[in-house]
Structure formats: structure tokens, C-alpha cells
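The values are calculated or read from the model by the stated rules, or taken from the named source; none is laboratory data. Quick caveat: nothing in here was measured; it's all calculated off a predicted structure. Cβ: placed from backbone, ideal geometry, glycine included. Neighbour counts: every protein chain shown.
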Amino acid sequence: MLLDILDNLPRCRFTGAQLLLVIHFAKSLGAPNVPSLKGLRRVQKDLQNKCGQEPVKIESAIGNIFFVNDIHELIARDFSNLLVAPHLHLYPEEAEGGISETYQAERWKEYRPEELTPMHLKGHKCFWIEEVAQVRDGTFIILHTWIMRRGVLTTDAQVVVHLLDGR
């Protein structure tokens, strides 16, 4: 695993000869289960086939070549990873004091509600923005946005009032 990390550092690429030297040192120091370079490459290829995403090659109008990943696949992979999914922040947050994350900044207020997370799942019930929901006390409200406040998911909402003249 550490050899794979070394081999994939974005700004510090190792050559095959350098990795062979690292493998030699690891074995000389008595590290257990050190693979050969060929074994490492075989495991890397297997992992890429099972878990990797093949970048798509794009050529611009003036001939520049670059590669892109499918953002939909990357997001789906994050949501399906049980170690990653619980740490995803889906709702904007009203921060008290300093701001340390993008989802805490005021910028989210520039978005229309339909551009933010539209739904919250509570148990087996889905609550959608711009739809009527019933509060525990029997009051009906229209949910507008989901916002984290002091670590609790809240909503900005309007109370639905039924007037005697039918409006």
C-alpha cells in the first residue's frame, strides 16, 4: 500500500529504478510482505480495472490535449463508499464565528432553493423543498431551504394558512 502511495504522489513521480531501490531498502530493513516491482504493477493494474475510472481524452479546437474524469461517476463513487459518505456535507451551514469550509460561507445564499439540496430523508419519509409538510403540532408549512444551524438540520419555511374565504 505504501509503495502504491509513493508511486502515485502527484508532484513527486518515482521512476521504476527509484521504486526498485525503495523495495530493496524495505527488504534490507526487514519489512514484511514487500512485493516485487512486477507484483506491485500487477496489483495496481488489477485495482485500476476494478475501481478506477478511465479518463476521457479531449482535444481542443487549437489542438491542445487534456483528459477529464466523469464527475457523475466520481460523485456516485463517493456516495457509495461507506467510509466517505458519512463525511459528505449536503446542506449549507450557517457558521457562527469563523469560516473554515466552503459550505459555511454566505455564498450559498446566492443560489435559488432548487439549486441546493432539495430533499431530506428522515426515517422512511422524504421531505422536499417547495412542498407542503405537516409539523408535529398539526401546522402545515412550505419548506424553502435546508440549512445546518448549530449542527442541527433546519429549514426556512412559511406557515400555510387557510382563510375563511377559501384562499
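Among the residues making up region 123-154, those that are among the polar types (S, T, N, Q), free of Cβ contacts under 8 Å to residues at least 24 places away in the same chain and within 30 Å of residue 106 (Cβ to Cβ) are 139, 154. Comparison of 38, 109 shows that the only residue that is in a helix (DSSP H, G or I), of a type outside the set (Gly, Ala, Ser) and under 30 Å from residue 146 (Cβ atoms) is 109. Kindly check whether there is at least one residue in region 32-46 that is out of contact with any His (no Cβ under 9 Å at 6 or more places or on another chain), among the hydrophobic types (A, V, I, L, M, F, W, C) and either surrounded by fewer than 11 Cβ atoms within 10 Å (Cβ to Cβ) or at positive phi (or both). Scanning region 32-46, I find no residue that is out of contact with any His (no Cβ under 9 Å at 6 or more places or on another chain), among the hydrophobic types (A, V, I, L, M, F, W, C) and either surrounded by fewer than 11 Cβ atoms within 10 Å (Cβ to Cβ) or at positive phi (or both), so the answer is no. Please work out if residue 97 is under 28 Å from residue 162 (Cα atoms), loosely packed, with under 12 Cβ neighbours inside 10 Å and not aromatic (Phe, Trp, Tyr). Judged against the criteria, residue 97 is not a match. If the condition is being out of contact with any helix residue (DSSP H, G or I) (no Cβ under 6 Å at 6 or more places or on another chain) and modelled with pLDDT under 90, then region 50-66 contributes 50, 51, 52, 54, 55, 56. When region 11-69 is filtered for residues that are of a type in the set (A, V, I, L, M) and over 19 Å from residue 1 (Cβ atoms), the ones remaining, listed by number, are 17, 56, 58, 61, 62, 65, 68. Going through (1) closer than 23 Å to residue 77 by Cα; (2) among the hydroxyl-bearing types (Ser, Thr, Tyr); (3) surrounded by 14 or more Cβ atoms within 10 Å (Cβ to Cβ) one by one, residue 102 falls short only on (3).
Which is touching an Asp or Glu at 6+ places or on another chain (Cβ under 6 Å), farther than 23 Å from residue 1 by Cβ and of a type outside the set (D, E, K, R), of 103, 111?
It is 103.
Restricting attention to region 122-167, the residues being out of contact with any Pro (no Cβ under 7 Å at 6 or more places or on another chain), at pLDDT 90 or above and hydrophobic (A, V, I, L, M, F, W, C) number 15.
Of everything in region 60-106, what is assigned to a loop (DSSP other than H, G, I, E, B) and touching a residue at least 12 places away in the same chain (Cβ under 8 Å)? Give them in sequence order.
Residues of region 60-106 that are assigned to a loop (DSSP other than H, G, I, E, B), as a first pass: 60-64, 69-70, 81-84, 88-92, 95-101, 105.
Across region 60-106, the qualifying residues are 69, 70, 89, 90, 91, 92, 96, 101.
Within region 1-31, take every residue that is among the charged types (D, E, K, R) and either in a loop (DSSP other than H, G, I, E, B) or in contact (Cβ under 8 Å) with a residue 24 or more places away in the chain (or both) and give me the one that is surrounded by the fewest Cβ atoms within 10 Å (Cβ to Cβ). Only one residue fits best here, namely 11. From the list 116, 47, the lone residue that is at pLDDT below 90 and touching a Ser or Thr at 6+ places or on another chain (Cβ under 7 Å) is 116.
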